[in-house]
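Accompanying notes for the structure given below.
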Amino acid sequence: MTESRRTDENIRRLAPTEWAQAFPVISQLRSLDEAEFLRRVRRQSYSGYELVGAFKGSKLIGIMGIRPVHTLARGEYLHVDDIVVTTEARGSGAGQALMQYAEVDARARDMSAVFLDARPEAVPFYERQNYVLHAAPSMKKIL
């Protein structure tokens, strides 16, 4: 297991009134304007999507979206969407703390796994958290 470098991070779900605080962090990963970001989060929240924040003191330094999923092939699992830690906080352990939060949350919901989609450059980070590449490739068709 990797050594945690966390100092005083606090990991918790964000209330809808805090979603706008997540925009400057998520914008380091996604090219959306704030209004579109909030519209998408609100819409996804109807299906159980939640934003989880990593705070150092009162400053939001990381964000992760999580959502419960149930499929015939995989059963019930937690899907992690759009995890990002601010450039200045990378290497602090905040990303690891967010992933640990997701795992604890999945276990509390009696789910069998945590799934996520990873950019190739992020794969080593997830492998250090003991995640493995999934054998089933993702496919899509732009309509």
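The values are calculated or read from the model by the stated rules, or taken from the named source; none is laboratory data. Just so we're clear, the structure is a prediction, and the values are computed from it rather than from any experiment. Neighbour counts are summed over all protein chains in view; Cβ atoms, including those assigned to glycine, are modelled from backbone coordinates with ideal geometry.
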(request) Could you list, in sequence order, all residues of the range 56-76 that are surrounded by fewer than 17 Cβ atoms within 10 Å (Cβ to Cβ) and in a strand (DSSP E or B)? (result) LYS59, ARG67, PRO68, VAL69, HIS70, THR71, GLY75, GLU76
(message) Given the options LEU72, LEU14, LEU60, LEU51, name the one that is under 18 Å from ARG109 (Cα atoms) and in contact with a Gly (Cβ under 8 Å, 6 or more places away or on another chain).
(response) LEU51
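Picking from TYR131, TYR126, which residue would you name as being assigned to a loop (DSSP other than H, G, I, E, B) and either closer than 22 Å to SER31 by Cα or among the aromatic types (Phe, Trp, Tyr) (or both)? Reasoning before the result, please.
On the way: TYR126 fails: assigned to a loop (DSSP other than H, G, I, E, B).
Within the list TYR131, TYR126, the selection yields TYR131.
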(request) Output the residues belonging to the range 19-42 that are polar (S, T, N, Q), loosely packed, with under 15 Cβ neighbours inside 10 Å and over 15 Å from the mean Cα position of the chain (by Cα). (result) SER31
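Starting from residues that are of a type in the set (D, E, K, R) and outside any helix (DSSP H, G or I), keep the ones in the range 81-96 and report whichever is surrounded by the fewest Cβ atoms within 10 Å (Cβ to Cβ).
Quick first cut of the range 81-96, residues of a type in the set (D, E, K, R) only: 81-82, 88, 90.
Retained after the next criterion (residues that are outside any helix (DSSP H, G or I)): 81-82, 90.
On the way: ASP81: 13, ASP82: 17, ARG90: 15.
That would be ASP81.
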(request) Check whether at least one residue in the range 42-54 is over 15 Å from ARG13 (Cα atoms), assigned to a helix (DSSP H, G or I), out of contact with any strand residue (DSSP E or B) (no Cβ under 7 Å at 6 or more places or on another chain) and aromatic (Phe, Trp, Tyr), and report yes or no. (result) no
(request) Would you be able to tell me the number of residues in the range 88-143 that are in contact (Cβ under 8 Å) with a residue 40 or more places away in the chain, closer than 27 Å to LYS59 by Cα and of a type in the set (A, V, I, L, M, F, W, C)? (result) 4
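Restricted to the range 6-18, and to residues that are part of a strand (DSSP E or B) and either modelled with pLDDT under 95 or over 14 Å from the mean Cα position of the chain (by Cα) (or both), which residue is surrounded by the fewest Cβ atoms within 10 Å (Cβ to Cβ)? Working first, answer last.
Of all residues in the range 6-18, those part of a strand (DSSP E or B) come to 9-13.
Retained after the next criterion (residues that are either modelled with pLDDT under 95 or over 14 Å from the mean Cα position of the chain (by Cα) (or both)): 9-10.
Details: GLU9: 23, ASN10: 11.
My answer is ASN10.
Out of the range 113-123, which residues are part of a loop (DSSP other than H, G, I, E, B) and either loosely packed, with under 11 Cβ neighbours inside 10 Å or among the small types (Gly, Ala, Ser) (or both)? It would help to see each step written out before you state the result.
At the first step, the residues of the range 113-123 found to be part of a loop (DSSP other than H, G, I, E, B) are 113, 117-119.
Answer for the range 113-123, where residues must be part of a loop (DSSP other than H, G, I, E, B) and either loosely packed, with under 11 Cβ neighbours inside 10 Å or among the small types (Gly, Ala, Ser) (or both): ALA113, ALA118, ARG119.
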